[in-house]
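Worksheet: one structure, shown below.
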Amino acid sequence: MKIAIQIIITTIVLDTAHASDTNRVRVKRRLNQFGTMVRLMTGHNPLDFNGYGNYCGFGGHGKPVDKIDRCCMLHDWCYRDINRNECESILHTEPYIRMYRFESQGKNVTCRDPEICPRAVCECDKAVSECFAQNLNEYNDKMKTVMGRFISKTAKKLNVTP
């Protein structure tokens, strides 16, 4: 299942790159907001974190391999909790599709959405982005899955930034 979802993400990234007439890719999707936040706080392409360890990307299992992976595990738990509370829905997809408002000044991000669900999603994304930034020294490319490395390399070749 995890591989299938990563293939879907790769397809979206590649499709977006080919659909663009310029070097700048404009994507109006929820995942782009999360990616922007990760880039602002870490200076890294957000796809560098996709497919990292046991929890970064969709799904998650086992023990986190390091602090970066632990950040992703906590993010998964945050989404799980808001799915049960602030963003309750039948399919439990709200955190993945819900747009939210945030402002940034340098590496400081402030969630600005007045609605409960989007604000909760923003706060989860902000927390994991801060966690990545605080633990960048732990990042180890060897902890990425084969698909995760493929996505990162492909995005860099195509100059794709979510």
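Observations
- Pair K153, K63: separation of 7 Å Cα→Cβ label points (nm): 3.0 nm
- Here's the list of aspartates and glutamates a cross-link from K156 could span, going by alpha-carbon distance under 12 Å and ignoring same-chain residues fewer than 8 apart: D48.
- Potential lengthening between E88 and N108 on full extension [0.36 nm per residue; Cα-Cα distance subtracted]: 4.4 nm
- Fully extended contour minus Cα-Cα distance, from Y96 to N140, at 0.36 nm per residue: 13.2 nm
- Subset of K63/K144; K107/K153; K63/K142; K126/K153; K67/K126 violating a 20 Å alpha-carbon distance limit: K107/K153; K126/K153
- Summed residue charge, Cβ within 9 Å of I82's Cβ, Lys/Arg positive, Asp/Glu negative: -3
- Built amide H within the under 5 Å cut-off of Y52, gap 5+: T145
Each reported figure results from applying straightforward, stated rules to the coordinates on display, with no laboratory input. Keep in mind that this is a model prediction, so the values were computed, not measured. Note that we place each Cβ from the backbone using ideal geometry, even for glycine, and neighbour counts take in every protein chain shown.
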